[in-house]
Amino acid sequence: QDWLRFLTSDGLAEKAGCPPSDFDKMVVKEFADNAADIGGFGYDVNEDEKTVSIWNGGNGLSGADIDRLFDIKRPLRSSKHWRRGQRGALGNGIRVALAGCRLCNIDLTIISNRTQYHINLLDNGDTVTTMQDSDLSDEGTRIVLKFLDDNIFRKSRYLSFLQVAVMTQQTKTITGKPLASWFKEED
């Protein structure tokens with residue numbers, strides 16, 4: 001079963017396309033990419049609390065959305081119609097980020113529609129979600145990543161991904177055919 005590969009370091013390296021030493025950066029990048037895709041992207045990196053917060057200006061997520069999207073056993077799928085040159089394999093983003101949180105000991109909290117969801121991926125691939133009311137985020141969705149391992153968190157490691165995501169919000173969408181440079185010659 002495909003989802004089993006997300007539970008090991010070697011398997012996640014294959015699925016995420018990065019070495020284990022970069023799993024923490026991959027987690028931040030995946031959530032930043034997803035937030036930027038929605039629009040209204042913003043972020044905060046708090047060195048004292050060892051947290052990275054990422055938010056978007058979308059319609060928010062329901063409990064059912066959280067259960068569906070943050071299930072590592074769900075089928076591979078993507079909301080993207082075209083592969084973007086600077087992005088990895090499409091359809092794995094949330095799954096690799098969730099697995100990366102597990103392997104890097106990063107606490108994952110999602111705040112959306114005045115509800116806070118704490119998400120924990122277990123060793124057997126099941127996802128446990130606890131929820132409580134929140135007075136934050138009546139619009140959009142906020143992802144809070146709390147780094148529990150002091151040796152992993154480095155603010156400078158994450159800023160480049162976050163700054164690029166902000167810049168994508170300031171660009172116009174290009175319509176038409178994809179650039180030929182996105183493909184290999186044989187394609």
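The values are calculated or read from the model by the stated rules, or taken from the named source; none is laboratory data. Just so we're clear, the structure is a prediction, and the values are computed from it rather than from any experiment. When we count neighbours, we look across all protein chains shown, and the Cβ atoms used for this are built from the backbone with ideal geometry, even at glycine. Surface areas here come from the heavy atoms of the whole protein model, side chains and all, with no ligands, DNA or RNA. Shrake-Rupley method; radii C 1.70, N 1.55, O 1.52, S 1.80 Å.
Quick look at the values:
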{"item": "Most to least accessible of ARG95, ARG157 (protein chains only, probe 1.4 Å)", "result": "ARG157, ARG95"}
{"item": "Inter-site label distance for VAL164 and ASP65 at 7 Å from Cα along Cβ, in nm", "result": "2.5"}
{"item": "Other-chain or far-sequence residues with amide H under 5 Å of ILE152's (modelled H)", "result": "none"}
{"item": "Estimated inter-spin distance, GLU47 and ASP126, nm [label 7 Å along Cα→Cβ]", "result": "4.1"}
{"item": "Integer Hz, Karplus 6.51/-1.76/1.60 couplings in order for the range 95-112, x for Gly and Pro", "result": "5, 5, 5, 4, 5, x, 4, 4, 6, 9, 6, 10, 6, 10, 10, 10, 10, 7"}
{"item": "Amide proton proximity set for GLY58, modelled H, under 5 Å, gap of 5+", "result": "GLY140, THR141"}
{"item": "Computed label-point distance, nm, for sites LYS155 and SER21 using a 7 Å Cα→Cβ extension", "result": "2.4"}
{"item": "Under Karplus coefficients 6.51, -1.76 and 1.60, residue-wise ³J(HN,Hα) of the range 126-133 in Hz, glycine/proline x", "result": "6, 10, 10, 10, 10, 9, 8, 5"}
{"item": "Cross-link pairs beyond the 18 Å C-alpha cut-off, checked among LYS25/LYS146; LYS15/LYS155; LYS29/LYS155; LYS15/LYS73", "result": "LYS15/LYS155"}
